[in-house]
Structures are given as C-alpha cells and as structure tokens.
1. Could you list, ordered by first residue, the pairs with Cβ atoms under 6 Å in which the first is in segment 230-244 and β-branched (Val, Ile, Thr) and the second is surrounded by 14 or more Cβ atoms within 10 Å (Cβ to Cβ), at least 6 apart or interchain?
2. Going residue by residue through segment 94-108, is there one that turns out to be in contact with a Cys (Cβ under 8 Å, 6 or more places away or on another chain) and under 14 Å from residue 74 (Cα atoms)?
3. If a residue counts only when it is within 30 Å of residue 278 (Cα to Cα) and of a type outside the set (Lys, Arg), which strands (runs of 3 or more DSSP E) contained entirely in segment 113-222 have at least 1 such residues?
4. When the residues of segment 45-62 are filtered to those that are touching a helix residue (DSSP H, G or I) at 6+ places or on another chain (Cβ under 8 Å) and surrounded by fewer than 20 Cβ atoms within 10 Å (Cβ to Cβ), which remaining residue is farthest from residue 5 (Cα to Cα)?
5. Looking at 75, 29, 70 in this structure, which one is in a strand (DSSP E or B), of a type in the set (Gly, Ala, Ser) and in contact (Cβ under 8 Å) with a residue 40 or more places away in the chain?
6. Can you tell me which residues in segment 1-26 are crowded, with 22+ Cβ neighbours inside 10 Å and either in contact with a Cys (Cβ under 6 Å, 6 or more places away or on another chain) or free of Cβ contacts under 8 Å to residues at least 40 places away in the same chain (or both)?
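No lab work stands behind these numbers, since they all come straight from the coordinates. A quick note: this is a predicted structure, and the numbers were derived from the prediction, not measured. Virtual Cβ from ideal backbone geometry, glycine too; neighbours counted across all protein chains shown.
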Amino acid sequence: MSVTVRVPAKVNVQLAVGGARPDGFHDLANVFLAVGLYDEITVTPADALRVTCSGPDAAQVPLDVTNLAARAALALAGRHGLEPAVHIHIAKDIPVAGGMAGGSADGAGALVACDALWGTRTSREELLEICAELGSDVPFSLVGGAALGTGRGEKLTVLEVGGTFHWVFAMADGGLSTPAVFREFDRLGEGARIPEPVASRDLLEALAKGDTGALAAAVSNDLEPAALSLFPELAQTLAAGRAAGALTALVSGSGPTTAFLARDASGAERIAEALRASGTCKSARVAPSPAPGATVVHPGHRDAAGARD
C-alpha cells in the first residue's frame with residue numbers, strides 16, 4: 001500500500017523583489033511557471049517517519065526533519081492528530097539547490113501523498129495554508145500551471161497560459177543558497193531606493209496569449225545580479241545559450257540553474273546540445289511548460305481522494 005505523487009519544477013519568468021521587511025523577508029511579484037521536470041514522492045506506512053532519496057544529486061538531499069517532505073508529513077499529521085508513521089521516498093529529478101524549487105516540490109508532493117495515504121481528505125484551502133507555513137514556493141508546487149505570487153511569494157493568483165513554451169535548463173557545477181542570494185541582493189542595493197514589486201503587464205499578456213517572442217522580451221529576475229555576483233561563471237553559461245539561439249536567457253530564481261527560452265521544441269534541443277558542448281555547465285535539460293501541480297499518479301488507499309476543492 002503506497003501513494004506516489006508527481007510534482008514539477010518551476011521557473012520564475014518574472015521575479016521582482018522589494019526591499020527587506022522587518023521580518024527579514026522581501027515582498028515579491030513572482031510569476032511562477034511550472035515546467036516538465038519532476039520529482040516523484042512515494043509514501044508507504046512505516047513504524048516511524050523516515051526519508052530516503054534516489055536520483056541525481058541525491059547525496060545532497062537532507063534525510064532528517066529539515067527536509068520539507070518530512071516537515072509536510074509532520075504538519076499534516078499534527079493537524080489531524082495522527083502519528084507521522086510513514087516512509088517518504090523522493091525520486092529526485094529536479095536539480096538540488098538550483099533555484100527550481102525542488103525542495104518545495106518535495107514538500108508539496110509529500111503533503112498530497114500523505115493526505116491520500118491517510119485518507120484525511122484535507123481541503124485544498126487547508127493544504128495551501130500548510131504549504132505557506134512550510135515555505136514561500138511550496139504553495140505554487142501544489143498548484144502548478146502558472147501563477148502570480150505576492151507577499152513573500154506564497155499568496156497566489158492563478159494565471160492563464162495560452163500555449164506551450166519550450167525551455168532549456170543548464171545545471172551548474174555547484175549550488176547557491178537562496179538566503180545567501182537575498183543577502184547579496186540587499187548588499188548590492190544598500191542605500192538605493194528599491195521600488196515596490198509589481199507584475200509586468202506585458203509579461204502577463206504574453207503568457208495569456210502563448211506568445212513566445214513577447215514572453216522572451218518581458219522576462220526579468222531582480223536576483224540575477226546577486227546570483228552572478230556570487231557565482232560569476234554563470235555569465236559564460238548565459239552567453240553560450242544566447243549564442244546558440246535562445247530568445248532570452250536568465251538565472252532561474254535564486255540560481256544557479258540558468259533558463260533559456262527557445263522558439264520551439266527542436267530549437268530547444270539544439271540549444272541544449274550546444275550548451276552541453278560548451279563546457280560552461282554540468283548538464284542541460286529540455287522541458288516544456290506549463291506543467292500540472294502535485295498530482296497523484298499511483299493511489300494506494302481505497303478511500304483516498306486527495307485534496308478536494
């Protein structure tokens with residue numbers, strides 16, 4: 001008896017960052033787009049909470065209660081007065097520490113999987129509340145598709161997407177800490193007036209129309225200068241992708257994964273091949289968007305209905 005949930009990576013097609021708040025967070029206008037790279041989270045009854053992981057970079061994934069998947073199981077069990085006696089296995093395919101919300105995806109996936117396994121039938125609204133408690137990117141991992149995140153990114157407005165966008169993601173040889181990138185953002189902006197973050201109207205229209213060229217012209221990431229300051233080699237990867245024909249190139253979220261928008265699927269394959277040959281990255285992957293959020297792909301509980309609206 002087990003439940004498996006598939007959950008996507010994300011790219012931020014806009015990441016507008018405000019100044020630091022008194023609580024240390026930053027207000028954001030964060031346009032998330034889920035992409036077709038996935039982790040799979042499988043939960044099985046066990047004597048006690050246990051986390052295992054397989055796949056690329058699995059050795060970098062914490063297997064204790066600092067893992068968001070473990071924290072999700074503890075949070076859901078606590079709400080329903082249950083013991084979190086479950087084995088959580090993460091089949092990892094989203095880059096670790098890559099700015100693509102892999103850890104957040106695992107948290108959302110474990111939450112949906114445990115809800116199905118235990119038959120707790122938690123409402124979607126309550127699942128999103130738990131996600132927001134776990135981390136700023138976790139609610140979007142549950143929702144998928146495209147959404148505007150405000151506040152610290154956890155308050156979501158679902159966005160329409162009028163077509164398929166084809167991306168290439170170049171994985172760096174190394175990682176970046178999201179808190180470190182935000183600290184560098186604050187350092188670089190010290191003394192400057194930082195405007196309130198606002199979603200780009202042109203970008204939202206490009207998404208709604210499925211207009212690849214217009215989207216390429218509108219993407220932006222306020223954290224990119226901070227990521228490049230901490231990881232200067234990324235500039236070479238961005239240049240290699242542009243030289244290979246990418247319509248635009250940007251650091252994905254807090255990095256160090258870099259994202260390249262292609263005109264079509266065949267163009268994405270050509271850009272990925274050129275990036276692999278460039279020597280500027282560890283690997284390159286192709287992925288379409290949008291992609292669905294956390295989805296049960298193998299229900300193992302006869303009463304499990306997953307989240308309900």
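1. The qualifying pairs are 237/170; 237/258; 237/280; 237/281.
2. We begin by selecting, within segment 94-108, every residue in contact with a Cys (Cβ under 8 Å, 6 or more places away or on another chain); these are 107-108.
Subset that is under 14 Å from residue 74 (Cα atoms): 107-108.
Yes - at least one qualifying residue is present in segment 94-108.
3. On the way: elements: 146-150, 155-158, 165-171.
Filter on segment 113-222 gives 165-171.
4. So the residue we want is 49.
5. Details: 75 fails: in a strand (DSSP E or B); 70 fails: in a strand (DSSP E or B).
The match here is 29.
6. Within segment 1-26, no residue meets the criteria.
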